[in-house]
Amino acid sequence: MLKTALRSCRVWGVGVLTALSLVACGGDDAAVASAPVDTVTSHTAVAGKALDQSTGLGIAGVTVRVGSLSTVTAADGSFSLSGLTAGGRVTVVFESTAYAESARIANVVAESTTDVQARLTPVGISTNVAVATGGTVTVPGSTASVALPANGVQRADGSVPTGNITVRLTAINPAIDSTLMPGDFTAGLSGGGTAPIESFGAISVTLTDAAGVALNLKSGQTATIRIPVASRNGVVPSSIPLFYFNTTTGLWVQEGTAILVGSGASAYYEGTVSHFTVWNADQVYNSIIVHGCMKNAAGAVVANALVSSDGIDYTGTSSVYTDANGNFNLPIRSNGIATIVGVFDGYLTNTVQNLPDTSDVTLPACLTLGQTGAGITMKLTWGALPSDLDSHLITPSGHEIRYNNKGSLTALPFANLDVDDQSSYGPEVVTITQLMVGTYKYTVHNYSGNASGSIGQSGARIELNLPGRTLQLFTPPASGESASTNYWNLFEFDVSASCVITLRPVGTYTATLPTIPASNTPQYCTAS
């Protein structure tokens, strides 16, 4: 089924920002560029939430660790960890027996609190294996597996456990959500320096003895792993380097190679490893530089603002900060397509999508921060099926933003859909730059139809970013969907005359869109 909408250079919303750190600097973000790396104070901190990637709900009891300092998340998944050393690449590790280990890379600023949000993947399988015989563990319904050798494991002190050990194995799918990967898709090179990588899938393996003490392979022992192929790239290499995540440096380290086995949904990479952590089937890519600039709504340049990319036809991210003149130089994959967005002091810019190029490019216009209280984004991602999910935003003025009516960020309705993705995964991002008084409604349409795959089984998720609030994640209801209910109504939000936003989750499936108001002349809110 083809759509008649024309494609063009497009504008988008927040992409990988949830995988990175946003700095709450109380209006003085100049510290981002100049913070000394050896400053330690009780007021230098990270705070945020650990969220379940499937439900968006906070996770209690997750250990959050930075170096030797640690804390545990509260009942709602929130945490705060202070007394840190300021630095541009601080690794924040998240550990739980119920979730795969993950880590975020934070730009920790002295005398400030850096916001760190982590979405964690539930453990795929937790089971016992006899030390004496070893054995193979496979995630149900997945090709992810690990084959352990007999008498092949030990504790960190060299002692050898007896009886059974617990194996926790999880497949990580970065194609659906790049923020599920530990780190920021940066690899350390053997000769020094770093390089960007794109992922084709990952797994997490942890081993513990009966007392919960961590185990790993003995020196000289190896295990065979299988990593399900998961990528936004339509070209899957027949062999690929293996990388493991180093939680101390926050970098991926190359070690070994994996071979592609099978095809389609059953394809996986198989290789051998000598220790356990998160393993990633990756390749380093050649990059080009996207040159651009950022301004605020008044036209003034914005310095020390975070600018990030998220690949569309590859699974990878990158980020940089603007210089004193508001300019930035952001690397993306050569001949790749990515979305680009900026954030400053909790407010978002419009979003742009580059066109494929093998040479450095310059954006035709600066990224622009939305009005105070605006800069709202709704980011839709999903899995391989159905191939085409669509974002729909209904505005108080009676406009409907959709695939063939993308809107505008600089004129009525001051809302825009960046891209109509018809080939799975997304992202599709709707951005609002100026708020009208009244009610906005957001819906996802299964354009492919239920026969091609249901919304409920698509792995769909929507990230709602309201400035000044924690990012909220919406996932499809488990029941209520049928062959005739191809619309998922997620939420509505009311905007007052003073730009106060009241969010109302809906979470229902219907056969038609919500009611669209009659066309009218809008009133715009004014922040007090």
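Does Thr170 count as at pLDDT 95 or above, within 18 Å of Val278 (Cα to Cα) and touching a helix residue (DSSP H, G or I) at 6+ places or on another chain (Cβ under 8 Å)? Steps first, answer last, please.
Details: at pLDDT 95 or above: yes; within 18 Å of Val278 (Cα to Cα): yes; touching a helix residue (DSSP H, G or I) at 6+ places or on another chain (Cβ under 8 Å): no.
The answer is no for Thr170.
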Original post:
Is there a residue being closer than 30 Å to Val352 by Cβ and of a type in the set (Lys, Arg) anywhere in region 487-504?
Top reply: no
**OP:** Determine, yes or no, whether Pro396 is in a loop (DSSP other than H, G, I, E, B), touching a strand residue (DSSP E or B) at 6+ places or on another chain (Cβ under 6 Å), open to solvent by 10 Å² or more (accessible area, probe 1.4 Å) and closer than 30 Å to Asp345 by Cβ.
**Re:** yes
**OP:** Please state which of the following conditions Arg104 fails to meet, knowing it meets all the rest: (1) among the charged types (D, E, K, R); (2) out of contact with any strand residue (DSSP E or B) (no Cβ under 6 Å at 6 or more places or on another chain); (3) crowded, with 23+ Cβ neighbours inside 10 Å.
**Re:** (2)
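Would you confirm, using the coordinates I've provided, whether Ser70 is modelled with pLDDT of 95 or more, under 22 Å from the mean Cα position of the chain (by Cα) and in a strand (DSSP E or B)? Outline the logic, then answer.
On the way: modelled with pLDDT of 95 or more: yes; under 22 Å from the mean Cα position of the chain (by Cα): no; in a strand (DSSP E or B): yes.
Taking the combined requirement at face value, the residue does not satisfy it.
Counting residues that are modelled with pLDDT of 95 or more, which strands (runs of 3 or more DSSP E) fully inside region 95-157 reach at least 2?
Of the strands (runs of 3 or more DSSP E) lying wholly inside region 95-157, those with at least 2 residues that are modelled with pLDDT of 95 or more span 99-108, 125-130, 135-138, 145-148, 153-155.
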Original post:
In the set Gly326, Gly342, which member is within 30 Å of Trp382 (Cβ to Cβ) and touching a residue at least 24 places away in the same chain (Cβ under 8 Å)?
Top reply: Gly342
Original post:
Of all strands (runs of 3 or more DSSP E) completely enclosed by region 275-340, which ones contain at least 1 residues that are surrounded by 18 or more Cβ atoms within 10 Å (Cβ to Cβ) and polar (S, T, N, Q)?
Top reply: 278-284, 306-311, 317-321
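Go through region 229-242 and count every residue that is under 19 Å from the mean Cα position of the chain (by Cα) and crowded, with 22+ Cβ neighbours inside 10 Å. Before the answer, list the steps.
First, pick out the residues of region 229-242 that are under 19 Å from the mean Cα position of the chain (by Cα): 229-233.
Going one step further and asking which of them are crowded, with 22+ Cβ neighbours inside 10 Å, we end up with 229-232.
Qualifying residue count for the region: 4.
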Subject >> Output for region 437-463, where each listed residue is buried (at least 22 other Cβ atoms within 10 Å of the Cβ) and of a type in the set (A, V, I, L, M, F, W, C) >> reply: Val444, Ile455, Ala460, Ile462
Original post:
Within region 511-528, how many residues turn out to be open to solvent by 90 Å² or more (accessible area, probe 1.4 Å) and not hydroxyl-bearing (Ser, Thr, Tyr)?
Top reply: 1
Subject >> Single unsatisfied condition, Thr55 versus (1) assigned to a loop (DSSP other than H, G, I, E, B); (2) in contact with a Ser or Thr (Cβ under 7 Å, 6 or more places away or on another chain); (3) at pLDDT 95 or above >> reply: (3)
Original post:
Could you list, in sequence order, the residues of region 251-277 that are more than 23 Å from the chain's Cα centre (by Cα) and of a type in the set (Phe, Trp, Tyr)?
Top reply: Phe276
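The values are calculated or read from the model by the stated rules, or taken from the named source; none is laboratory data. Given the structure is predicted, the values throughout are model-derived calculations rather than measurements. Note that we place each Cβ from the backbone using ideal geometry, even for glycine, and neighbour counts take in every protein chain shown. In case anyone asks, the SASA skips ligands and DNA or RNA and just uses the protein heavy atoms, side chains included. Shrake-Rupley method; radii C 1.70, N 1.55, O 1.52, S 1.80 Å.
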